[in-house]
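Have a look at the structure below, then the notes.
The values are calculated or read from the model by the stated rules, or taken from the named source; none is laboratory data. Everything quoted here is computed from the prediction, not taken from an experiment. For neighbour counting, all protein chains shown are included, and Cβ atoms are generated from backbone atoms with ideal geometry for every residue, glycine included.
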Amino acid sequence: MKRYKIQYPLTAYTFPSDARIHKARIDEAYIHVELMDGRILSIPLWWIPTVYNARAEEREKYEISRDRTMLIWDPERCEINDELRIADYLTTEKKGPTERSTNAALPRANVGEFSA
C-alpha cells in the first residue's frame with residue numbers, strides 16, 4: 001500500500017462551528033441563509049408552503065430571532081404565520097407533522113399530484 005504525505009495538519013481545516021443566522025435573502029426559488037461560520041444554506045421555497053404561496057413582498061417581512069436560530073414571519077406584520085428553524089434544515093432526520101406544525105396548504109405545483 002502506498003502512503004502519501006499529508007499536506008496540511010488537521011488544525012488547518014475549518015469545520016462548521018456556529019449554526020446561527022448571520023443574514024438571509026429570498027429569491028424566486030430559494031431562501032438563502034448565511035450562517036455565522038460562513039456556510040450558506042439554500043432552502044427551496046416549496047419546502048415551506050406558507051412562504052412559497054405568499055407574495056414576494058410578504059416573504060421579505062421576516063425577522064431573525066434574538067438567538068439567531070430562526071427566521072420568523074409574524075402574522076401581525078405580514079400575511080405569513082410561520083417560522084423556519086435553521087436546525088431543521090441541517091440534519092437529515094425525518095420530521096413528522098407534529099414536530100413542525102403549519103396550517104398552510106400544499107404548494108400550488110403539487111396540489112392534486114400526490115397519491116397515497
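Odds and ends about this structure:
- Of the residues making up the range 58-68, not a single one is of a type in the set (Val, Ile, Thr) and in contact with a helix residue (DSSP H, G or I) (Cβ under 6 Å, 6 or more places away or on another chain).
- Within the range 65-116, restricting attention to residues that are hydroxyl-bearing (Ser, Thr, Tyr) and either in a loop (DSSP other than H, G, I, E, B) or over 17 Å from His32 (Cβ atoms) (or both), the residue that is modelled with the lowest pLDDT is Ser115.
- For the range 31-40, the set of residues classified as within 16 Å of Ala87 (Cβ to Cβ) and outside any strand (DSSP E or B) consists of Met36, Asp37, Arg39, listed by residue number.
- Restricting attention to the range 5-20, the residues being farther than 11 Å from Arg39 by Cβ and among the hydroxyl-bearing types (Ser, Thr, Tyr) number 3.
- All positions within the range 1-30 that are in a loop (DSSP other than H, G, I, E, B), in contact with a strand residue (DSSP E or B) (Cβ under 9 Å, 6 or more places away or on another chain) and of a type in the set (Gly, Ala, Ser): Ala19, Ala29
- Top-ranked residue of the range 24-40 - restricted to ones that are touching a residue at least 24 places away in the same chain (Cβ under 8 Å) and in contact with an Asp or Glu (Cβ under 8 Å, 6 or more places away or on another chain), ranked as nearest to Thr92 (Cα to Cα): Leu35
- All positions within the range 55-77 that are in contact with a Phe, Trp or Tyr (Cβ under 8 Å, 6 or more places away or on another chain) and either among the hydrophobic types (A, V, I, L, M, F, W, C) or within 24 Å of Phe15 (Cα to Cα) (or both): Leu71, Ile72, Trp73
- Where a residue in the range 71-91 is farther than 11 Å from Arg59 by Cβ and its partner, wherever it lies, is basic (Lys, Arg), with Cβ under 7 Å and at least six apart: Arg77/Lys61; Asp88/Lys95; Asp88/Arg100
- Residue list for the range 48-64, filter: under 15 Å from the mean Cα position of the chain (by Cα) and either in contact (Cβ under 8 Å) with a residue 24 or more places away in the chain or in a loop (DSSP other than H, G, I, E, B) (or both): Ile48, Pro49, Thr50, Val51, Tyr52, Arg59, Glu60, Tyr62, Ile64
- Screening the range 41-76 for residues that are within 19 Å of Ala29 (Cα to Cα) and basic (Lys, Arg) and picking the one that is surrounded by the most Cβ atoms within 10 Å (Cβ to Cβ) gives Arg59.
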